[in-house]
Structure formats: structure tokens, C-alpha cells
1. Please count how many residues of region 29-47 are open to solvent by less than 100 Å² (accessible area, probe 1.4 Å) and either without any contact (Cβ under 8 Å) to a residue 24 or more places away in the chain or in a loop (DSSP other than H, G, I, E, B) (or both).
2. I need a count of the residues in region 66-91 that are open to solvent by 100 Å² or more (accessible area, probe 1.4 Å), more than 12 Å from I53 (Cα to Cα) and not in a loop (DSSP other than H, G, I, E, B).
Amino acid sequence: MDEDAALFGLVLPEIEQPEEINFEVMKGNWPVLEAFFILDGCAWQYAGMGDLIGLNYQAAQVIWGYAGIKPNKDTFIGLMLFTRTVVNELNKRKDK
């Protein structure tokens, strides 16, 4: 990338690499994360002023259908709780 920037006479700033964070996922939570991450940000729902309010579960169903994922009741409830946590954290960061 530095070579590409040099072609335009640019010098890219040094970017500090974030510390690697490893964590474990409890076996029972894996289906929740799988259902969440397969959405890849494609099913978020926003309010009028751009505030993130949650997942569009109708869009999520379409994506899960194409991906062959069929969340059961427990997975869906876990997904709703996980989504609410993610939304709260992302909205906190937006407010800073």
C-alpha cells in the first residue's frame, strides 16, 4: 500500500496495530453468533436520524434461508439479547 501511495506522492501514517484479543465462545452460544455474523451487517434497521435500533428480522430470515440456517426458539431469543447488547454498545460509541 505504501508503494501505491508513493505513486501519488503521498506518505501514509503509521497505523498502530490493535492488541490481539482472544476469547472463547460457550458451545451453547455458538448458534447465536453464527446466526448473527452470517447477516454481515446487511439486516440492520435504523431510525430516522440514523440511530441504530436493531435487526430487521424479516430481512434476517431471508438471509438465513439462503445460508441454510434455521434458528430454533432458544437461538432466536439469544440472538435478540445479543443484538440488543451490540446495539447499545454501538449507540454508546456514536454518542461520544
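The values are calculated or read from the model by the stated rules, or taken from the named source; none is laboratory data. Nothing here was measured: the structure is a model prediction, and the numbers come from that model. Positions of Cβ are generated from backbone atoms using ideal geometry, with glycine treated the same way; all protein chains shown enter the neighbour counts. Quick note on the areas: whole protein, heavy atoms, side chains included, nothing else; ligands and nucleic acids left out. Shrake-Rupley method; radii C 1.70, N 1.55, O 1.52, S 1.80 Å.
1. 8
2. Count: 4.
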